[in-house]
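Structure record follows, encoded as structure tokens.
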Amino acid sequence: MTGGATAVRSGIRFDRVSVAYGGNTVLDGLDLTVEPGEVMALLGPSGSGRTTALRAVAGFVRPASGRVYIGDRDVTALPPHKRGIGMVVQSYALFPHLRVQDNVAFGLKAQKADRSEVPDRGAEALELVGMAGYARRYPRELSGGQQQRVAIARAIRPGVLLLDEPLSALDAQLRSGMLTELARLHRELPVAKTGDTVDFAGHALAVPTGEVAEGVTATLCVRPHLVGLGAGPNALTGTISEVQWRGSTHRLYVDVGGHRIKADVRELRETPALGNAVTLHFAAQDAVLLPAGAGDAHG
């Protein structure tokens, strides 16, 4: 596949941020940088400003002074839904009247995800946190640790993931297991490993940006045999414009936001009809981002 993409950087920076409640200063001139892909823990006693710092990043608190940056973007005045972050609060905040799959879907819809992508992306998120078998259950039918996994699945997205005391409600055994799970997610999620994202036809994709500067249009290249069919990391949803049988594979040509994507799919049981919506995916390490002027690239 080839197509135009724009590089976006993640990471967090507080620039002398102060927050006060009713005249009581909670944060006073905070300077802090969290690099892309880095895990940062804020430690301190109750009332020290840990949750306030997270809320300032998420957009739920407006600083009295100073600036908050996500990547190179000044997000101080942006509302929460425009910041590209996910947050898991202490109480998990799951909707009790919604099943697990619908709780996760709510998060995706809040991110303005394409409706056709929601089922596959929700299933992928639940698979990542080991909750795929609980999709039809209600929160009341889950343990505390399972509810937390669902809350994390709902918050997973490219950019920044904020966890407010994620282990406080768990016993020692569950706490140890959740630490292992969080470490695994950090290793496996493409954004957590690279810290780089690009905008491709309205989809935020995790790929190594290399030397491509933020905001620069470049060509995103992935070889057709490395593009998979169905849910997975870096999912793209489009419509089939052409199908070619090539003996051992079917080559699918899929239109994604005006870009023609090629995918070579093996062992395709049923040939999809032209005009059908399909979801493609690829691994971050299989993508190459070429700056403009680097020459034509074909996959």
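Each residue of segment 33-44 was assigned a 3J(HN,Hα) from its phi angle through the Karplus expression (A = 6.51, B = -1.76, C = 1.60, θ = phi - 60°), giving 10, 10, 6, x, x, 8, 9, 10, 10, 9, 10, x Hz with x at Gly and Pro. Peptides 20-26, 259-265 ranked from most to least packed give 259-265, 20-26, packing being the mean of other C-beta atoms within 10 angstrom over each peptide's residues. The HN-Hα couplings worked out from phi for segment 130-136 by the Karplus form 6.51 cos²θ - 1.76 cosθ + 1.60 (θ = phi - 60°) are x, 10, 4, x, 10, 4, 8 Hz, whole numbers, x standing for Gly and Pro. Taking amide hydrogens as placed 1.01 Å from N in the peptide plane, the amide H of Gly257 sits under 5 Å from that of no residue at least 5 positions away in sequence or on another chain. Spin-label model, Asp28/Glu242: points 7 Å from Cα along the beta carbon direction are separated by 6.7 nm. Shown is the FRET efficiency for Arg136 and Ala273, computed with R0 = 25 Å from the Cβ-Cβ distance and rounded to the nearest 0.05: 0.25.
Coordinate-derived values only; no laboratory data. Because the structure is a prediction, the values reported are computed rather than measured. A quick note on method: Cβ atoms are made from the backbone with ideal geometry, for glycine too, and the neighbour counts reach across all protein chains shown.
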